[in-house]
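This report concerns only the one structure given below.
The values are calculated or read from the model by the stated rules, or taken from the named source; none is laboratory data. Everything quoted here is computed from the prediction, not taken from an experiment. Here Cβ is always computed from backbone atoms with ideal geometry, including for glycine, and neighbour counts include all displayed protein chains.
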Amino acid sequence: MGTRWLAVAAVFVASCATALAADPPSLRGAPFYAPPPAFTWTGFSIGIVGGGALGSAEQTDSTPWSSGTYRVGGGLVGASLGYNWQVNNFVFGLEGDGSAAWVRGSTLGIPPAFPACFLPDCAANLAALGTGRARLGFAVDRFLPYVTGGGAVGALHGQEGVGSGGTRAVVGWTVGAGIEAKLSQDWSAKLEYLHLDLGNRVLFDEDIPPVFAERVRFSSEIVRVGLNYQFDLFEPPAAIAAKY
């Protein structure tokens, strides 16, 4: 009789052990855990940008005459808007930005420029800058190194002496590279380099006879930082609520 009960008890214990191994009590009723999603770059972004520029300018006319090349420099600050589309690790994007700028310089037109600039000097000033660019990047976790390039438009002012000067909107191009890093899924920061070339444009006519159209050649190297907020207009409300 005792042997029979021992056999029944052994079968019961073995059954319980099998059931517990298949479904541990500690996991019963526990919420399902999903690993956090990888960082994604798809969506719209809006941000602020700011930095500094160093470059060169030169004024010429048809006589021919040249002020000689002189240095320009200063800062800029503005806002940006863009859209990124991620396919696997590749990120394709379009971005536009507009900035107020204070990138200026001047020269007395000393040799080899001849004759010299009319007093007090020759000067150039980039007062505003906008760019529209394509971006191509390769995402590595939270980091996105990228190359970028496209068109640029600037409000460029040229001056010679006291009375001769003018400001015009001029069109050029820009190309560069950068790296952007996610601070969270929605926020990111970037460091960017751009080469800007606004060509050789007629900005004003000299007031002193004979009248010559005066051109300004302007280019600069720009380094700037930015802070972006990413959002997706096509994201379902449930997905947005799940983030929070």
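Scanning the stretch 141-173 for residues that are of a type in the set (Val, Ile, Thr) and either under 30 Å from GLY68 (Cβ atoms) or modelled with pLDDT under 95 (or both) gives VAL153, VAL162, THR167, VAL170, VAL171.
Residues that are in contact (Cβ under 8 Å) with a residue 12 or more places away in the chain, surrounded by fewer than 22 Cβ atoms within 10 Å (Cβ to Cβ) and either of a type in the set (A, V, I, L, M, F, W, C) or in a strand (DSSP E or B) (or both) within the stretch 115-132 comprise PHE118, LEU119, ALA127, ALA128, GLY130, GLY132, listed in sequence order.
You will find that of GLY109, GLY98, the residue that is without any contact (Cβ under 8 Å) to a residue 60 or more places away in the chain, out of contact with any Leu (no Cβ under 7 Å at 6 or more places or on another chain) and assigned to a strand (DSSP E or B) is GLY98 and no other. Just one of (1) among the aromatic types (Phe, Trp, Tyr); (2) at pLDDT 95 or above; (3) more than 22 Å from GLY73 (Cα to Cα) fails for PHE212. It is (2).
For residues that are crowded, with 16+ Cβ neighbours inside 10 Å and hydrophobic (A, V, I, L, M, F, W, C), scanning just the stretch 150-181, find the one that is nearest to ASN89 (Cα to Cα). The extreme case among them is ALA177.
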